[in-house]
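In what follows, a structure is listed as structure tokens, so that the remarks can point back to it.
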Amino acid sequence: MRRRDFVMGVAAGGAVSALSTPALVQPAAARILRFVPQANLAHPDPVWSTATMATINGFMIWDTLYGVDRTLTPKPQMCEGSEVSDDGLAWTFTLREGLMFHDGEPVRAADCVMSIRRWAERNPFGQLLAARMDEIAALDDRRFRIRLKRPYPPMLYALAGTSACFMMPERMAATPSSKAITEFVGSGPYRFLPDQWVSGVKAEYARFDGYRPRQEAPDCYAGGKVAHFDRVHWSIQPDPATAAAALRTGEVDWVEQPLLDLVPSLKRARGVKVEPFDPMGTVYMLVFNHLQAPFNNEKLRRALLPAVDQADFVRAIVGDQDDLGRTGVGFFPLGSPSASTVGMEALTSPRSIARARELVAASGYAGEPVVLMEPSDVAPLSAVAQVAADLFKKVGLNVRSDTMDLATMVARRNKKEPVDQGGWSCFPVQWNGLPVATPLSNPLSASGPNGWIGWPSSPAREALRSEWLDAGSEAERRRVSEAVQREAFASVPFIPACQYYQPAAFRDDLTGFVKSPFSVFWGVRRV
């Protein structure tokens, strides 16, 4: 064996740091963090659901074996370390001592084995790992081993939390990934309180006193995850003006995504701060249903590109706050290692509705209905959907916008049936930059009905994704990423709409926020 890696070793009403003031002497209200999330928590299972709120919930209540820091370097989290054989075909992982689930049971290697298996059924990184896996088995309570048929170089990155590989008890992880779990025993710093969860209204969390944070400073998803609050209350507030008013008066402590029209006034509000936390920003996309007409037609998808003006999407989201939006976005987020200018002329050359109409007509489009889902309770997604609807009409598509809340859209987007049977044609989606920063991201999956929502199929892109897995250097990975983008502009799995940097708003007596793609609650405390 060769040791490649073995490491030992926002709003008002937050709680005072448990490191500085004993919780028993703090006012009760000061030990509660009141949070307004960007959308409803429709279901807490972060494997069964790829919804953003399910992932944020996942980071609250479950922990990961590894976590990436701000440089995207994987660091041990629940693991004490790992060893890999010289031929790269055997990985042995060792858990830290004293890890405990929220029901008081110890975290065992068998729990991790089953959690990885379930995650690998749904996640692109996991699916590619599973294809190369010969065996995964517990060696004892603290060690498990993965034997491979072929090397899998991004093993630690895949497990590092960017793709929601959360560790659950074995009995829960035995649930097929196509079925949602029904209990929520976690391994992370906060406990989920299922009897206090009311979808569309609230979710409640309590600090888990049995959690053992690492002794390093928090850094993105790595380091010590210290919970400074006794309770965290999520208040689902579909009206952004009401959420902003509650923040001004101190009724809530942290509004995750304030309406951008209200950001200038919040910046002027006494006791309120406004700051973006995600260093890579948020990417907006238009996702197509590749299984049903009319967007099962590659020529039609490609025909839309000359009409797509990313500046229209930016303006619809940020208005005159131009510093928050970016255009020139390809199939990887700006600022990521995979971003490039390859093929970008498809989106950056002079825009032409007339040219798009010609290409639509030449594509064979026969007037089939286009059902565009619009989540009205998430302002940026609603804005993207409205711009898309206008674009579709201008190029000659028979478009119908179906307005619904995000939770309904998240459920409906799983339907593969035609539109006359309750299906859909297109919907807007937002992704934090980090999860979509490589060719292995969900939106770039190309395995058809077994892939991510939209179910695009491209043997060429799947081959390139596999090639990226085997790349032995950053230069080689970049070359493959460029080839993936070139192929994506030909097959158009989705349309990159724009990128922007959503600020959060919070009471000014809170500090310790961790810069990361998803909102995380460890480190946050009152000063």
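At a glance:
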read-out	value
Dipole axis of the range 131-212 (+1 Lys, Arg; -1 Asp, Glu on Cβ), positive-most option in Thr182, Val198, Leu159	Leu159
Residues of the chain: accessible area per residue with a 1.4 Å probe, Å²	38
Proximal lysines to Lys393, defined as alpha-carbon separation beneath 25 angstrom and excluding residues fewer than eight positions away on the same chain	Lys299, Lys415, Lys416
Alpha-carbon spread of the range 368-458, three principal axes, descending order, Å	32, 27, 27
The range 313-357: translational diffusion in µm²/s, Stokes-Einstein, Kirkwood Rh over Cα pairs, 25 °C, 0.890 mPa s	199
The chain - percent of accessible surface contributed by carbon and sulfur, probe 1.4 Å	51
Euclidean distance of C-alpha centroids, the range 328-343 and the range 447-468, integer Å	19
Charge dipole magnitude, Cβ of K and R +1, D and E -1 - the chain, Cα centre, debye nearest 20	320
Ranked packing of 445-455, 99-109, 381-391, most packed first, by mean Cβ within 10 Å	381-391, 445-455, 99-109
Equivalent ellipsoid dimensions for the range 418-527 as semi-axes, Å, which come from the Cα gyration tensor, largest first	33, 22, 12
Computed Rg/Rh of the range 174-251, alpha carbon atoms with Kirkwood Rh	1.05
From the C-alpha gyration tensor of the chain, square roots of 5λ in Å	36, 30, 20
Fraction of the pair-distance distribution of the range 304-442 above 18 Å, Cα-Cα pairs, percent	63
P(r), alpha carbons of the range 62-112 - 10 Å bins starting at zero, rounded %	22, 46, 28, 5
Note, ³J(HN,Hα) from phi for the range 212-224, Karplus 6.51, -1.76, 1.60, rounded to Hz, x at Gly and Pro	10, x, 5, 8, 8, 5, x, 8, 6, 9, 9, x, x
Point-charge dipole on Cβ atoms (K/R +1, D/E -1) for the range 165-242, about Cα centre, debye to 20	140
Relative packing of 397-406, 289-298, which averages over residues the other C-beta atoms within 10 Å, highest first	289-298, 397-406
q = 0.09, 0.10, 0.11, 0.16 Å⁻¹: log10 I(q)/I(0) that the Debye formula gives for the range 167-326, counting C-alpha atoms only	-0.53, -0.65, -0.78, -1.21
Rel. contact order, % - alpha carbon contacts under 8 angstrom, at least six apart, the range 438-502	27
Over the chain: helical MRE at 222 nm, DSSP H runs n ≥ 4 each giving -39500 (n - 2.57), nearest 500	-7500 deg cm²/dmol
Whole-percent pair-distance distribution, where bins are 10 Å wide, for the alpha carbons of the range 443-507	20, 40, 25, 11, 4
Per-residue ³J(HN,Hα) for the range 46-61, Karplus 6.51 cos²θ - 1.76 cosθ + 1.60, θ = phi - 60°, Hz, x for Gly and Pro	x, 9, 5, 10, 9, 4, 4, 5, 5, 5, 4, 4, x, 5, 6, 10
Debye-sum result for the range 215-281 in log10 I(q)/I(0), which assumes one identical scatterer on each alpha carbon, at q = 0.18, 0.19 Å⁻¹	-0.84, -0.90
Spin-label model distance (nm) - Asp323 vs Ala490, 7 Å beyond Cα toward Cβ	4.2
Dipole of the chain [Lys/Arg +1, Asp/Glu -1 at C-beta], most positive-end residue of Ala354, Ala131, Thr282	Ala354
FRET efficiency for Asp86 and Lys393, using Cβ-Cβ distance with R0 set to 45 Å, rounded to 0.05	0.15
Listed residue (Val419, Ile453, His233) projecting farthest to the positive dipole end of the chain, Cβ model	Ile453
Computed over the range 417-527: relative contact order in percent, which uses C-alpha pairs under 8 Å that are six or more apart	17
Euclidean distance between Cα centres, the range 252-314 to the range 117-173, Å	32
Computed E for Asp209/Val527 - FRET, C-beta separation, R0 25 angstrom, nearest 0.05	0.60
Under 13 Å, Cβ to Cβ, from Glu97 - net charge with Lys/Arg +1 and Asp/Glu -1	+3
Ratio Rg/Rh [Cα only; Rh per Kirkwood] for the range 232-341	1.07
Binned Cα-Cα distances of the range 91-231, short to long, each 5 Å bin given as a whole percent	2, 9, 16, 21, 21, 17, 9, 4, 1, 0
Net dipole in debye of the range 280-389 [+1 Lys, Arg Cβ; -1 Asp, Glu Cβ; about Cα centre; nearest 20]	360
Under 21 Å from the Cα of Lys202 - lysines, other chains or at least 8 residues apart	none
Packing-based order for 245-256, 55-66, using average beta carbon neighbours within 10 Å, highest first	55-66, 245-256
HN-Hα J in Hz across the range 108-125 - Karplus 6.51, -1.76, 1.60, θ = phi - 60°, x for Gly and Pro	10, 4, 4, 5, 5, 4, 5, 5, 5, 4, 5, 4, 5, 6, 10, 8, x, 4
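The values are calculated or read from the model by the stated rules, or taken from the named source; none is laboratory data. From a predicted model like this one, the values you see are computed outputs, not experimental measurements. Methodologically, a virtual Cβ is constructed for each residue, glycine included, from the backbone with ideal geometry; neighbour enumeration extends over all protein chains shown. Accessible surface is based on the protein model in full, side chains and every heavy atom, while ligands, DNA and RNA are left aside. Shrake-Rupley method; radii C 1.70, N 1.55, O 1.52, S 1.80 Å.
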